Amino acid sequence: QHQTLLRRCRDVGIEAAYHELRAALSAALQMAQDPANAALAALLQVNSGETFEQALAQHPTLLELATLEQLAAQVAETAPAQPDMAWYLLARLGLLLERYNHRHAEQVDLPEQTRFATLCESLLPVADALDENLAAGLRHLLGWALNTLGNAHAEQDDHVAAVETYTRAITYAPENAMLYRNRAGEYLKMAQVDQAAADIERAAALEPDAPRLVQLRTTLATQTLSLEDNHE
C-alpha cells in the first residue's frame, strides 16, 4: 500500500494521491454493515474546519464515546503497518476528543469521563511513536479531561479521589497552574496544609496573578494558625 501511494504521488501529485486514498478508504468503510463506519468514512474526508463541522452535523455519533473508542482502536491497529494513515486518523480524532471534552466539561458523568480519560491515555504511546506535536496536544487535552474528572470528584466531596485525579493530570500537564490550585483546594479541605502550601507556591510560580491564589492563601493562613493554636 505504501508503494502504491508513493507511485501515485509520483504520477498525479501528493494531494491527488491522498485524495484517492481517502476516497478508497471511505468507499471501503461504507461497504461495511456497521452504521458507525459511515460516520468514520465522513471523518476521513475532513480536510478543513468547514468539512469537519459538516461531518459532525451529518454524523453526530462522531461525538459519542463508543465511536471515539472505535476510532482509537482503528488508529492503534493501523499504526504499525501504515503510520501515515494512523497519523491522519489521529489528527482528526484529536479534534473530536477536544470537542467531546468541551461538551462534557459542565455536566459530568463520572463513569463516562473516566472512560474518556482512559481512552486518551491509551492513545499516548501511539501518538508518541507517530508525532511529537500530536502527543503534546494529547497530553494537554488529558490535563483538562482529568481536571474535569477531578472537579466531579470534588463536587461529590470525594477529596481523596479528587487529589489522585489532579495528581494524575499534573503528570501530563505539569505547566497547568489550575491543576495545582485545584489540588491545593482539596488538600486544604483535608487539612493537609504542607501539601497545600507547596501546591499554592507551584501555582503562583506559573500564574502569579490568578485571583484564586488570594483565597487559597487566606484559607491556608487560617488553617495554619488553627493548627498552631491546637498544638499550644
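Put simply, when 123-131, 218-226 are sorted by average Cβ atoms within 10 angstrom per residue, most first, you get 123-131, 218-226.
Relative to the longest principal axis of the Cα atoms of the chain, the long axis of helix 193-206 lies at roughly 50 degrees.
Between 0 and 90 degrees, rounded to the nearest ten: what's the tilt of helix 132-155 against the longest Cα principal axis of the chain? The helix 132-155 is inclined about 50 degrees to the chain.
Which whole-number percentage describes the relative contact order of segment 76-224, with Cα contacts under 8 Å and a sequence gap of 6 or more?
Working: 152 pairs, mean separation 23.7, N = 149.
Once normalised by length, the contact order is 16 percent.
Relative to the dominant Cα principal axis of the chain, helix 65-78 is inclined by about 60°.
Among Glu15, Glu106, Glu175, the residue with the largest mean-square fluctuation in a Gaussian network model of the chain, with springs joining Cα atoms closer than 10 Å, is Glu15. Only the Cβ atoms of Lys and Arg (+1) and of Asp and Glu (-1) were treated as charged; on that basis the dipole of the chain about its Cα centre amounts to roughly 700 debye. Overall, the accessible surface of segment 145-232 at a probe of 1.4 angstrom is composed of carbon and sulfur to the extent of 51 percent.
Based solely on its DSSP helices, what 222 nm [θ] is calculated for the chain when runs of n ≥ 4 H residues each add -39,500 (n - 2.57) and the sum is averaged over all residues, nearest 500 deg cm²/dmol? Don't skip to the end; give the middle numbers.
Values: 12 runs with 188 residues, N = 232.
Rounded to the nearest 500, the figure is -27000 deg cm²/dmol.
The values are calculated or read from the model by the stated rules, or taken from the named source; none is laboratory data. Here the structure is a predicted model, which means the values were calculated and not measured. Methodologically, a virtual Cβ is constructed for each residue, glycine included, from the backbone with ideal geometry; neighbour enumeration extends over all protein chains shown. Protein only, heavy atoms only, side chains kept; ligands, DNA and RNA dropped before computing areas. Shrake-Rupley method; radii C 1.70, N 1.55, O 1.52, S 1.80 Å.
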